[in-house]
Structure formats: structure tokens, C-alpha cells
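Right, one structure below, let's go through it.
The values are calculated or read from the model by the stated rules, or taken from the named source; none is laboratory data. Values in this document were obtained by computation on a predicted structure and should not be read as measured data. Neighbour counts run over all protein chains shown; Cβ positions are idealised from the backbone, glycine included.
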Amino acid sequence: MKHKFEVGQSVLPAHPRRADPDTYVIVQVLPETSHEPQYRIKGASSGVECVVRETQIRGIRRRPNDVRASLPRFESERMAHLVWC
């Protein structure tokens, strides 16, 4: 089965226990067990790491404004991005 998420992607718990769940970042894609992909995730604010199954997390949808805000505004920023990635 193919993994739905990739390293660096932000996710949320599929069934949060709190009203304001922490955002997590995928830090490692792990081999599947029991026919389900697994991931190592890290809490963006808490720093807590854990292993979860794919059904336990959901992706965060970006609004078009979020994407535009992450793009470089100047040619020098774009070139710096190309050099360092």
C-alpha cells in the first residue's frame, strides 16, 4: 500500500482528544504493519514524537493564501531557495 503522506507534511490527529489539537509534522515514513502505512510524527509545539498508523492522522489543507505567502517575493529569495534546497 502506498503512503498517503510524506516527510515534512503537517498533519492533525484524525480524532483529537482536545479542542485545540497540536499540529504534527511527519519526520519519517515507516514500513507498513498489519497492511497499514505508519509514520513517525513530531508535535510542532510540544516536540513529542510518536509512531502512528495512517488512519490515526489527517492532512491539513492549505488555503490558496497560505501557498502564496510561502512563495518567495523577490528574485534573490527565489535564487537563495534554489541554492539551499
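Can you give me the number of residues within segment 41-65 that are out of contact with any Asp or Glu (no Cβ under 6 Å at 6 or more places or on another chain), part of a strand (DSSP E or B) and closer than 15 Å to PHE5 by Cβ? Qualifying residue count for the region: 7.
The residue that is surrounded by the most Cβ atoms within 10 Å (Cβ to Cβ), among those in segment 1-14 that are in contact (Cβ under 8 Å) with a residue 40 or more places away in the chain and of a type outside the set (Ser, Thr, Tyr), is VAL11.
Within segment 5-38, can you find the residues that are in contact with a Gly (Cβ under 9 Å, 6 or more places away or on another chain), modelled with pLDDT of 90 or more and in a loop (DSSP other than H, G, I, E, B)?
Pass one, segment 5-38, residues in contact with a Gly (Cβ under 9 Å, 6 or more places away or on another chain): 5, 9-12, 22-27.
Checking which are modelled with pLDDT of 90 or more leaves us with 5, 9-12, 23-27.
The answer is PHE5, GLN9, THR23.
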